[in-house]
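Asks: Below you will find the structure I want to go over with you.
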Amino acid sequence: MKLVFLGPPGAGKGTQAEKICEYFGIAHISTGDMLRREMREGTELGNAAKAVIEAGGLVSDDIIIGMVKNRVNEPDCENGFLLDGFPRTIAQAEALEGITAVDMAVNIDVPAGVLVDRISGRRMCSGCGAGYHISKYTRDTCEKCGAPLYIRDDDKPETVLNRISVYNDKTQPLIDFYDNKGLLKNVDGNRTPEEVLADIKALVESI
Ligand code: ADP
């Protein structure tokens, strides 16, 4: 089972991806999480990507495609995987076709007006990378590993607007790309996480 999640920043891709992967026993591949790990560890790739990420831009297609190509060959991907945050450009989607075929692209649709609020309440764990929202979780340490929570640099208001505009320019065209291939399913993401999850599960079960 090979899935792609599409949707603007703040649509809830990461939250839903984690649950779907657990439920169906497939690997969760988040290019954003992979890049943040590289930055935390101070690798060459992490250091090279940092400025672009913090400005809300996109890391170069070559770097990202290379990263994903290696990742999908790891043993935990044998049962399938869910790509969260990749592809983000037409060039990445075309490269993915050369790497593997995809069974379904799920587009989590959320109106633009809701996104900024959602993102500005987001908190991340500095230890394990788990995500939280202040409307539901008010502690300042992670309930999974105990490490302190922080606000992602690219979640600050001045960067969020840029990320949304980069999404509109570069990533939104992928909705048509997958629709034209008959692989697209739309889900209304402007509901409770439980309702959204139930819809996505039903779609994936229909594959
Ligand atoms: P979001 O909350 O917008 O889904 P992610 O955690 O997926 O954000 O990604 C954070 C940042 O990492 C992006 O704004 C971008 O700079 C970089 N990034 C992640 N995935 C990709 C990709 N496929 N191509 C280029 N840049 C990426």
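The values are calculated or read from the model by the stated rules, or taken from the named source; none is laboratory data. In this text the structure is predicted, and so the values were computed from the model without any measurement. With ideal geometry, Cβ positions are generated from the backbone for all residues, glycine too; neighbour counts draw on all protein chains shown.
Asks: Just one of (1) under 20 Å from Lys170 (Cα atoms); (2) in contact with a helix residue (DSSP H, G or I) (Cβ under 9 Å, 6 or more places away or on another chain); (3) not hydrophobic (A, V, I, L, M, F, W, C) trips up Glu38, so point out which.
Replies: Only one criterion is unmet by Glu38, namely (1).
Asks: Further question: Select from region 105-121 the residues that are over 30 Å from Ile207 (Cα atoms) and out of contact with any strand residue (DSSP E or B) (no Cβ under 6 Å at 6 or more places or on another chain) and write down the one among them that is nearest to the ligand (Cβ to nearest atom).
Replies: Of region 105-121, the ones over 30 Å from Ile207 (Cα atoms) are 113-114, 116-121.
In the following step, the residues that additionally are out of contact with any strand residue (DSSP E or B) (no Cβ under 6 Å at 6 or more places or on another chain) were identified as 113-114, 116-120.
Numbers: Gly113: 17, Val114: 14, Val116: 12, Asp117: 14, Arg118: 10, Ile119: 7, Ser120: 12 Å.
Going through the qualifying residues, I end up with Ile119.
Asks: Would you pick out the residues in region 78-104 that are within 22 Å of Leu197 (Cβ to Cβ), surrounded by 14 or more Cβ atoms within 10 Å (Cβ to Cβ) and more than 14 Å from the ligand (Cβ to nearest atom)? Reasoning before the result, please.
Replies: Here is the first cut: in region 78-104, the residues within 22 Å of Leu197 (Cβ to Cβ) are 79-86, 102-104.
Then drop every residue that is not surrounded by 14 or more Cβ atoms within 10 Å (Cβ to Cβ), which leaves 80-86, 102, 104.
Residues satisfying the conditions are Gly80, Phe81, Val102, Met104.
Asks: Can Asn168 be described as in a strand (DSSP E or B) and at pLDDT 95 or above? Lay out the reasoning, then the answer.
Replies: Numbers: in a strand (DSSP E or B): no; at pLDDT 95 or above: yes.
The answer is no for Asn168.
Asks: Working only within region 3-15, note down all residues that are more than 10 Å from the ligand (Cβ to nearest atom) and within 18 Å of Cys128 (Cβ to Cβ).
Replies: Thr15
Asks: Considering only residues that are near the ligand (Cβ under 10 Å from one of its atoms) and in contact (Cβ under 8 Å) with a residue 60 or more places away in the chain, which ones fall in region 18-38?
Replies: Hits for region 18-38 are Asp33, Arg36.
Asks: Cβ-Cβ distance below 8 Å, separation of 6 or more or different chains: which pairs start in region 52-68 with a residue that is without any contact (Cβ under 8 Å) to a residue 24 or more places away in the chain and end on one that is more than 8 Å from the ligand (Cβ to nearest atom)?
Replies: The qualifying pairs are Ile63/Leu45; Ile63/Ala48.
Asks: Among the residues of region 9-27, is any farther than 15 Å from Tyr167 by Cβ, modelled with pLDDT of 95 or more, touching a Phe, Trp or Tyr at 6+ places or on another chain (Cβ under 6 Å) and crowded, with 21+ Cβ neighbours inside 10 Å?
Replies: yes
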